[in-house]
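Down below is the structure, laid out as C-alpha cells.
The values are calculated or read from the model by the stated rules, or taken from the named source; none is laboratory data. These numbers come from a predicted model, not from an experiment. Here the Cβ is made from the backbone with ideal geometry for all residues, glycine too, and neighbour counts use every protein chain on show.
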Amino acid sequence: MTGARSFVVDDREKGIFLLDREALVSDEVLRGEMRNIFAKCWIYVGHGSELKKNGDFHTRKVAGRPVIFARDGKGQVRCHLNTCRHRGALVCTERKGNTRRFNCVYHGWIYNNDGSMARVPGDEAYTAAFDKTTFGLKAPAKFESYRDFWFMNLDPDAVSLVDYLGAATEYIDLVVDQSPSNNMEVISGTQEYDVNANWKLMVENSVDDYHLPSTHSTWLNFMANSGVKMEPSKDPALVLPTHGLAIDLGNGHFTTDNVNFRGRPVAAWIPIYGEDAKPEMAAIREELVQRVGPERAKRICDTNRNLVIFPNLVINDGSSVTIRTFYPDGANKMQVTAWALGPVEESESARARRLDAFLTFYGPGGFATPDDVEALELVQQGLANYTDDRWSEMSRGMGREGEQLNSDEHHLRTFWRHWDKMMTGAQA
Amino acid sequence: MNASMSAGIANVAVTRAEVEDFFFHEAALLDEWRLKEWEALLADDATYFIPPNDDLEGGHRGTLYIISDDRERIRQRIIRVMDPNCHAEFPRSRTCRLISNVRITGVEGDIVHAAANFVCYRYRRYQREFVYVGSYQYALRKTAEGFRIKERRVLLAAHELGQLGSVSFIL
C-alpha cells in the first residue's frame, strides 16, 4: 500500500526542485493515487444550493465514483453511492431531478431518498438471514460540509473536514462573505469537458501565474482592447501588472492572493462592465463595507485568489467565482466540471454581469481557458519522451526569502511535496 | 407564427432555398477561416450563443453559457482566434460542417427565424477527432444586401461537452 518511491528531487540547499515526469504518465502511479489520495482525502461533492428543495438530487461522478448528491425528505443533505445493493446497477440515471424514491430498473429494488431500503420485490423468497433493512444505499465513510460546500471521504479514519481544510477556510470565507446573507449559490449551467492531460497538470495550471503573459496574450489583448489598464509592473520581479503572492495553507492546500487588475463582480469596476454598471457596483461595495468593514471589504474586492483544496478542488475567486473540480480518467486524461457561484440575492443585472465576466476568461468557450487546455495537452503529448527527458523543472523562486510570488513555483512545490508524501506513505 | 405585421414592417417573402444558400455560404466562410467576410454577415446587434449542454432553455443573463457574445464580443472573439497566439487554434483546426434539415420556423417583419441540424468535424494535428453535433437556431434580418445574422444560437446534442473539450473556434 505504501512504499512507492519518491518522484521529486527537493534540494533546498541548492534551491533545485525537480519532478520525475513518470508521475504524470504512469498508470501505476494513478492506481497509487486512487488508493493513497482519492481514497484518503476529502473530495468535493457539491454545493448545498444545488439542492434547493427536499427530494432534489444530482447524479455525478466524484473522483470516478458515481454518487447521488441529494436532499432527503427531511432536508438532510446526503451522498449515496449510486450502486444498487442487489447487483450493483446505477439506481438513478437522470442528471438531476426531485424524487422520493430511487428505483433500480434491473430487479426493481427501491430506495428512499434518504438511502434507506424501501422495497424488495418478492421478498418472501429470501431466508430469515436476509434482513432487507440492512440494504440501504451505501454512503462514503464520511460526508461533511463547510459553509455549504459538501465533501466526502472514503477513509473512516480521516480527520474532520474542518481540520482538513485548516487555514484554507479563511479563503472560503472570503467567497461566502460576498453574499449579504452569507448564501452563495451555484448558478444553472454546468461546464463539463475533458482535457487530455494528467489531472495534476490542472492543479498546477490553476494557480500558476507565471504562464499568464505567454499562454494568455490574447486575453491580455482583449482586456487592453476593452479599456482595462494592463501596464506591466515597474518591478522587474513581477510577471503580472500587479503584485501577488503564493501562499501555502498547509495539508497540501494553497492559494494565490493577488492585487486585482482584472475586475471583480464584487465589486471592482472595469470598463468591460459598462458605465451603466457603476452605480450598482458602488452599492454592492458599500453594502460590503457596511457589513464587514472597510478593511475586509477592500480585501474581498481588490484582491483575487485562486484556491486549491488538495487534491482536486479549485475555487477561482477572480474575474468571477468558479468552482472547478476534475478527476483522472486514466493517467493521460481528466474530466473537468466547472460551475459559477454567486450571491443568492444578486440582482438580475448583477447576475448577468457576473456571468459575462466569467466568460471573458473561463470555460471551454472563454478567452483564456481553451489556451490552458491546449498548453496542458501539449505537455502531455511532450511527456511521451519522459524516459529520455526525465525531469520537469520547478525551482522558480526557491532562492526568494520571505513572501513568495504568485509567478514563482512555491505553491506548485507545496502541492508536489504533499502529493509525494502521501504517495510514499511518509507522514503527510 | 406568420404575424402579418411586426414593428410596422410587412413580413418578408422568403424561401427555404434562400436560407439554405445563406447557411451553406456561411459554413464555407467559417470552414475556410474567412472570418472577416463572415463578420460582414452580422447585423449590428448580432448575438452568438452556445447554451450549456445541461440547460439549453435557460436565458443567457441567468444561466452560465459556454458562449454568450454580443456584437462587440464577437468582434473580440474574431481578433482572438485569428491571432497566432490563440494557442487552441494555432495551427488552426480544420473543420468541415454539414448542414441539413433546414426549416423556416417563422417570419416577423424583416426577421426570418430558421433552424438547421449540423455536424461539424474538427481536426487538429495528432489529436482525436472532434465531432460536434447539434442544431442551429437563427434570427436573420432580410435586407436589400441579403441576410444579416441577428442571432445565432448553437444547441449541442451531447449531454456534456466531454471529449469535445473546448469550443475555441467559431462553431
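The single residue among A:257, A:248, A:209 that is in contact with a Lys or Arg (Cβ under 6 Å, 6 or more places away or on another chain) and in contact (Cβ under 8 Å) with a residue 24 or more places away in the chain turns out to be A:257. Among the strands (runs of 3 or more DSSP E) confined to segment A:121-195, the ones with at least 1 residues that are of a type in the set (A, V, I, L, M, F, W, C), within 14 Å of chain B (Cβ to nearest Cβ) and farther than 30 Å from residue A:350 by Cα are located at A:191-195.
Here A:322, A:337 are screened, and the one residue that is within 20 Å of residue B:51 (Cα to Cα) and touching a Gly at 6+ places or on another chain (Cβ under 9 Å) is A:322.
Among residues of segment A:25-53 that are of a type in the set (Val, Ile, Thr), those with a beta-carbon under 6 Å from a residue that is in a helix (DSSP H, G or I) at least six positions away or on a different chain give the pairs A:25/A:383; A:29/A:23; A:37/A:422.
Pairs meeting the criteria (first residue in segment A:388-415 and outside any helix (DSSP H, G or I), second residue of a type in the set (S, T, N, Q), beta carbons under 9 Å, at least 6 apart or on different chains) are A:396/A:407; A:397/A:404; A:397/A:407; A:406/A:256; A:406/A:258; A:406/A:306; A:409/A:395.
For segment A:305-344, a residue qualifies if it is under 22 Å from residue A:173 (Cα atoms), more than 14 Å from every other protein chain (Cβ to nearest Cβ) and over 12 Å from the mean Cα position of the chain (by Cα), and the qualifying residues are A:305, A:318.
Residue count for segment B:63-93, restricted to those that are among the basic types (Lys, Arg), within 7 Å of chain A (Cβ to nearest Cβ) and touching a residue at least 40 places away in the same chain (Cβ under 8 Å): 0. Going by the conditions given, is residue A:352 within 19 Å of the chain's Cα centre (by Cα), of a type in the set (A, V, I, L, M, F, W, C) and either surrounded by fewer than 22 Cβ atoms within 10 Å (Cβ to Cβ) or within 12 Å of chain B (Cβ to nearest Cβ) (or both)? Judged against the criteria, residue A:352 is not a match.
What about residue A:234, is it out of contact with any Asp or Glu (no Cβ under 6 Å at 6 or more places or on another chain), in contact (Cβ under 8 Å) with a residue 12 or more places away in the chain, more than 30 Å from residue A:62 (Cα to Cα) and part of a loop (DSSP other than H, G, I, E, B)? So residue A:234 fails the test. For residue B:31, the conditions (1) farther than 30 Å from residue A:96 by Cβ; (2) in contact with a helix residue (DSSP H, G or I) (Cβ under 7 Å, 6 or more places away or on another chain) are fulfilled apart from (2).
Residue B:72 fulfils the conditions (1) touching a helix residue (DSSP H, G or I) at 6+ places or on another chain (Cβ under 6 Å); (2) part of a helix (DSSP H, G or I); (3) not β-branched (Val, Ile, Thr) except for a single criterion, (1). The residues of segment A:364-373 that are facing chain B (nearest Cβ under 8 Å) and in contact (Cβ under 8 Å) with a residue 12 or more places away in the chain, listed by number, are A:364, A:367, A:371, A:373. When the criteria are applied in full, residue B:7 meets the requirement of being modelled with pLDDT under 95 and either among the charged types (D, E, K, R) or under 14 Å from residue B:141 (Cβ atoms) (or both).
Candidates in segment B:121-133 are the residues that are under 25 Å from residue A:61 (Cα atoms) and either away from chain A (no Cβ under 14 Å) or under 17 Å from the mean Cα position of the chain (by Cα) (or both); of these, the one that is surrounded by the most Cβ atoms within 10 Å (Cβ to Cβ) is B:132. Restricting attention to segment A:48-102, the residues being outside any strand (DSSP E or B) and surrounded by fewer than 18 Cβ atoms within 10 Å (Cβ to Cβ) number 20.
When each of B:108, B:57, B:89, B:37 is tested for being within 16 Å of the chain's Cα centre (by Cα) and of a type in the set (Asp, Glu), the lone residue that passes is B:37. For segment B:31-40, does any single residue satisfy the condition of being on the phi > 0 side of the Ramachandran plot, away from chain A (no Cβ under 14 Å) and not β-branched (Val, Ile, Thr)? Yes, because at least one residue in segment B:31-40 is on the phi > 0 side of the Ramachandran plot, away from chain A (no Cβ under 14 Å) and not β-branched (Val, Ile, Thr).
Of all residues in segment B:139-162, those being under 16 Å from residue B:37 (Cβ atoms) and surrounded by fewer than 17 Cβ atoms within 10 Å (Cβ to Cβ) number 2.
Scanning segment B:135-170 for residues that are more than 14 Å from chain A (Cβ to nearest Cβ), within 16 Å of the chain's Cα centre (by Cα) and not in a loop (DSSP other than H, G, I, E, B) gives B:135, B:136, B:137, B:138, B:139, B:140, B:141, B:147, B:148, B:149, B:150, B:151.
When you scan segment A:204-224, do you find a residue that is among the hydrophobic types (A, V, I, L, M, F, W, C), outside any loop (DSSP other than H, G, I, E, B), touching a strand residue (DSSP E or B) at 6+ places or on another chain (Cβ under 6 Å) and at the interface with chain B (Cβ under 10 Å from one of its Cβ atoms), even just one? Taking every residue of segment A:204-224 in turn, none turns out to be among the hydrophobic types (A, V, I, L, M, F, W, C), outside any loop (DSSP other than H, G, I, E, B), touching a strand residue (DSSP E or B) at 6+ places or on another chain (Cβ under 6 Å) and at the interface with chain B (Cβ under 10 Å from one of its Cβ atoms).
When residues in segment A:355-382 are screened for being among the charged types (D, E, K, R) and within 18 Å of the chain's Cα centre (by Cα), 1 of them pass.
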